[in-house]
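Peer 1: Okay, here's the structure, questions in a sec.
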Amino acid sequence: MTRITPLLTSLKTLNITYQTPQETLLGTPETLPTSEPGTPQISYTVADGDLSTFNLSVYSKKWVALIYGAGKAVTAGTISWRIKKNGASVATGSSAVTANYYYTVSAFFYDVAVGDVLELALWSTVADSNWDYKAYQIHVTRLFLLNKPLLLVPCNFTSLAVHPVLTLGTPSAYMTYNPYLYHLNLFTIIISVATNIASLQLGTYGMFRINLGDYTASNSAYLAIHATYRPRYYQNRVPIQIVLRGLKGVVEP
């Protein structure tokens with residue numbers, strides 16, 4: 001009697017744990033300069049303890065940093081911002097803010113590493129604007145659990161969560177963006193091995209691609225205003241659990 005070797009590995013469950021965002025609300029707001037400051041008001045250095053953790057070893061991944069800065073324009077004016085990575089300018093922009101409205105800059109850095117210094121500088125066209133809030137969190141993107149992501153059979157995203165959830169000040173989420181998820185069933189794999197279409201896609205993005213900081217707003221920022229809410233911020237919806245099998249004899253998770 002011939003013994004048939006199972007085609008698929010045992011079921012694997014990848015759990016991803018995100019760190020609590022760092023938040024600071026100043027007791028007294030600080031006045032913004034009317035020209036770009038030499039030293040940015042907001043600065044974070046990426047540390048090991050900021051990174052998401054996994055219950056399984058992963059083959060590779062990229063990290064995205066989210067930084068938020070918020071304050072108030074007492075008089076109507078234009079708030080400008082610049083984000084820097086290790087002292088080099090990444091992006092800059094500006095936006096008009098209504099009198100007595102709060103503003104929040106949501107900034108996103110793609111492909112950061114431990115030791116990187118990430119900064120957000122703020123300034124205004126009027127002399128009575130201020131800032132008093134900052135926050136920071138790291139998200140994972142382009143995650144490869146296996147060295148041949150084409151051969152995940154099947155790959156199911158069983159749970160998603162919204163991050164960051166900010167609590168200081170008067171926070172309110174402005175927009176939440178879904179991730180781009182990539183998974184193949186066995187039929188698709190048989191076809192894609194011949195056509196190589198899916199392997200090109202997954203060879204770049206892995207199992208999923210975070211929206212803010214990767215697919216959109218990569219190394220850029222948005223500014224939102226509101227009469228009441230500070231921070232009024234942008235969020236990612238992120239995978240926190242992925243269930244999958246590998247193809248035996250080719251790759252083993």
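Peer 1: From Val74, Val46, grab the single residue that is among the β-branched types (Val, Ile, Thr) and under 30 Å from Phe144 (Cβ atoms). Outline the logic, then answer.
Peer 2: On the way: Val74 fails: under 30 Å from Phe144 (Cβ atoms).
After ruling out the rest, the residue left standing is Val46.
Peer 1: Answer with yes or no whether Ala221 is at pLDDT below 95 and out of contact with any helix residue (DSSP H, G or I) (no Cβ under 7 Å at 6 or more places or on another chain). Working first, answer last.
Peer 2: Numbers: at pLDDT below 95: no; out of contact with any helix residue (DSSP H, G or I) (no Cβ under 7 Å at 6 or more places or on another chain): yes.
Taking the combined requirement at face value, the residue does not satisfy it.
Peer 1: Could we say that Arg232 is farther than 18 Å from Ser60 by Cα, crowded, with 23+ Cβ neighbours inside 10 Å, among the basic types (Lys, Arg) and modelled with pLDDT of 85 or more here? Can you show your working first?
Peer 2: Numbers: farther than 18 Å from Ser60 by Cα: yes; crowded, with 23+ Cβ neighbours inside 10 Å: yes; among the basic types (Lys, Arg): yes; modelled with pLDDT of 85 or more: yes.
Yes, satisfied.
Peer 1: Tally time: how many residues in the range 145-168 are part of a loop (DSSP other than H, G, I, E, B), surrounded by fewer than 17 Cβ atoms within 10 Å (Cβ to Cβ) and modelled with pLDDT under 85?
Peer 2: 2
Peer 1: Out of the range 1-22, which residues are loosely packed, with under 15 Cβ neighbours inside 10 Å, modelled with pLDDT of 95 or more and not in a strand (DSSP E or B)?
Peer 2: Correct list: Thr20 only.
Peer 1: For Arg142, are the conditions met, namely being assigned to a strand (DSSP E or B), surrounded by 15 or more Cβ atoms within 10 Å (Cβ to Cβ) and on the phi > 0 side of the Ramachandran plot? Spell out how you get there, then give the answer.
Peer 2: Numbers: assigned to a strand (DSSP E or B): yes; surrounded by 15 or more Cβ atoms within 10 Å (Cβ to Cβ): yes; on the phi > 0 side of the Ramachandran plot: yes.
So Arg142 fits the description; yes.
Peer 1: Right, another one. Name every residue in the range 23-79 that is of a type in the set (Val, Ile, Thr) and either at pLDDT below 95 or assigned to a loop (DSSP other than H, G, I, E, B) (or both), in order of residue number.
Peer 2: First pass over the range 23-79, keeping only residues of a type in the set (Val, Ile, Thr): 24, 28, 31, 34, 39, 42, 45-46, 53, 58, 64, 67, 74-75, 78-79.
Scanning the range 23-79 gives Thr34, Thr39, Val46, Val58, Val74, Thr75.
Peer 1: Report the residue count in the range 56-89 for those that are crowded, with 20+ Cβ neighbours inside 10 Å, closer than 26 Å to His139 by Cβ and among the aliphatic types (A, V, I, L, M).
Peer 2: Residues meeting the conditions: 7.
Peer 1: Only residues that are touching a residue at least 12 places away in the same chain (Cβ under 8 Å) and over 23 Å from Ser106 (Cβ atoms): list them for the range 36-53, please.
Peer 2: Residues satisfying the conditions are Asp48, Thr53.
Peer 1: Test Asp116 against the stated conditions and say whether it is without any contact (Cβ under 8 Å) to a residue 60 or more places away in the chain and under 16 Å from the mean Cα position of the chain (by Cα). Let's see the steps before the verdict.
Peer 2: Working: without any contact (Cβ under 8 Å) to a residue 60 or more places away in the chain: no; under 16 Å from the mean Cα position of the chain (by Cα): yes.
Criteria not met by Asp116.
The values are calculated or read from the model by the stated rules, or taken from the named source; none is laboratory data. Note that the coordinates shown come from a computational prediction; the quantities given were computed from them, not determined experimentally. Glycine gets a Cβ as well: all are built from the backbone with ideal geometry, and neighbour counts include every protein chain shown.
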